[in-house]
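Asks: Quick one: the structure is below, and I'll ask about it shortly.
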Amino acid sequence: MVDRYTLRRFDDAPPEAIQEALERSEVVYFEQSPVPLPSEEDLDFLREELPRQHKVKNVSYHPESDSIPRFEASTEIQERTKQILKSHRAEVEAFFRRNAPAWTPGWTVGTSSFRAVEEKGRDLKPRSNNEIVHIDAGAYGATNGNRILRFFINVNPSVDRVWGTKGSFAELFASQGAFVEAARGKHGRIRLEKSVGDRLFSGVVRGLSKVYPLLRVIDSSPYDRAMRRIHNYMKDTESFRNDTTGYKEIRFPPFSAWSVFTDGISHSAVSGQFALITTILVPLENMVQPELAPYNILAAAS
Ligand SMILES: [Fe+2]
């Protein structure tokens, strides 16, 4: 059955309400973006120029290298895109500093991206297909249980962005035995502590990434691997993909904004073109309700 998901609006919410709702895996929705948008000219530029660039689907500004890696375009287009995404990222950071101050110590304000392609009908392998409901696993390499916070704005002037969801990670983990099996993997139990080998590998990656910042993406941890197995189960398993139990669609109109912990709620990009997406990694220990975090849900079941 497909219902219309009832969104909770947070246009006038006090900061703690936004923070608590996000930790409870709600979609925090704003009819109008609370973060200032790039100028009309800049939005026109992103919407018109980037789809013209060969192979551009997702353009991401990486703060660790102060660049947009693998972006083949003229210097002028590269520089303008970089400046727009960099300024937008600073606006999103300021928004969360105001609204979720408890999360800021030790956080990593990561990439700011522009999604240039229509999400619907892309012919992709299941694991890279965001049209299939999934939870996010890993961001910039290992999260080690830290949370993946994302802030979205639909910058299409006339078309909604549509998401699908089958509920929160907590609900799915409690109701789907296959999630527990996937988290166990070949170990036969849920293992979250890092082995000596894991620690050595992470140490080497940390050292190398001081020289080559983008290398941090190859880091890993038992927690991130367990989440990756769950992610892959959701995308690979036909019976789960075809099961519409609890499936709901959410429509985000032009210029609305929303935020979620994408490791805490299942989601798929059903359709839509042109969105700004900023990612922040929030330390697990900064959570006001840490028991709701996927790491602690897995730990409680181990
Ligand atoms: Fe995702």
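Asks: Any residue that is over 25 Å from Q53 (Cβ atoms) and within 14 Å of the chain's Cα centre (by Cα) - is there at least one of those in region 91-98?
Replies: The answer is no; no qualifying residue exists.
Asks: I've got another one for you. Anything in region 129-159 that is surrounded by 17 or more Cβ atoms within 10 Å (Cβ to Cβ) and more than 18 Å from the chain's Cα centre (by Cα)? List them, or say none.
Replies: Hit for region 129-159 is N156, nothing else.
Residue-by-condition table, conditions (1) surrounded by fewer than 18 Cβ atoms within 10 Å (Cβ to Cβ); (2) of a type in the set (G, A, S); (3) farther than 23 Å from I277 by Cα; (4) within 22 Å of the chain's Cα centre (by Cα):
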residue	(1), (2), (3), (4)
R206	yes, no, yes, no
P213	yes, no, no, yes
I218	yes, no, no, yes
Y223	no, no, yes, yes
M227	no, no, no, yes
E238	yes, no, yes, no
K248	yes, no, no, yes
R251	yes, no, no, yes
S256	no, yes, no, yes
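Asks: Could you check, for region 140-154, whether at least one of its residues is among the charged types (D, E, K, R), under 25 Å from R225 (Cβ atoms) and away from the ligand (no atom under 16 Å from the Cβ)?
Replies: From region 140-154, those among the charged types (D, E, K, R) are 147, 150; that's our starting set.
With under 25 Å from R225 (Cβ atoms) added as a condition, the list becomes 147, 150.
Restricting the remaining residues to those that are away from the ligand (no atom under 16 Å from the Cβ) gives none.
There is no residue in region 140-154 that is among the charged types (D, E, K, R), under 25 Å from R225 (Cβ atoms) and away from the ligand (no atom under 16 Å from the Cβ).
Rundown of residues vs (1) touching a helix residue (DSSP H, G or I) at 6+ places or on another chain (Cβ under 9 Å); (2) modelled with pLDDT under 90, yes/no style:
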position	(1), (2)
V56	yes, yes
S60	yes, no
F71	yes, yes
E76	no, no
W103	yes, no
G106	yes, no
R115	no, no
I135	yes, no
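Asks: Another question about this same structure. Would you confirm, using the coordinates I've provided, whether N130 is among the polar types (S, T, N, Q) and either within 16 Å of the ligand (Cβ to nearest atom) or closer than 22 Å to E291 by Cβ (or both)?
Replies: The answer is yes for N130.
Asks: What number of residues within region 243-302 are under 14 Å from R147 (Cα atoms), in a strand (DSSP E or B) and more than 16 Å from the ligand (Cβ to nearest atom)?
Replies: 1
Residue-by-condition table, conditions (1) within 30 Å of L37 (Cβ to Cβ); (2) touching a residue at least 24 places away in the same chain (Cβ under 8 Å); (3) touching a helix residue (DSSP H, G or I) at 6+ places or on another chain (Cβ under 7 Å):
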| residue | (1), (2), (3) |
| --- | --- |
| P157 | yes, yes, no |
| D160 | yes, yes, no |
| T165 | yes, yes, no |
| A174 | no, no, no |
| H187 | no, no, no |
| I190 | no, yes, yes |
| S195 | no, yes, no |
| L208 | no, no, yes |
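Asks: Of all residues in region 105-126, how many are open to solvent by 10 Å² or more (accessible area, probe 1.4 Å), closer than 16 Å to T262 by Cβ and of a type in the set (D, E, K, R)?
Replies: Looking only at that region, the number is 1.
Asks: Starting from residues that are within 26 Å of T81 (Cα to Cα) and in contact (Cβ under 8 Å) with a residue 12 or more places away in the chain, keep the ones in region 116-127 and report whichever is nearest to the ligand (Cβ to nearest atom).
Replies: Result: E119.
Asks: Based on what the data block shows, is N232 open to solvent by 10 Å² or more (accessible area, probe 1.4 Å), at negative phi and more than 16 Å from the ligand (Cβ to nearest atom)?
Replies: So N232 does not fit the description; no.
Asks: From the list V35, V59, which one is β-branched (V, I, T) and not in a strand (DSSP E or B)?
Replies: V35
The values are calculated or read from the model by the stated rules, or taken from the named source; none is laboratory data. All values derive from a computational prediction rather than experimental measurement. Ideal geometry is used to build each Cβ from the backbone, glycine not excepted, and the neighbour counts take in all protein chains shown. The accessibility values were calculated without ligands, DNA or RNA, using every heavy atom of the protein model including side chains. Shrake-Rupley method; radii C 1.70, N 1.55, O 1.52, S 1.80 Å.
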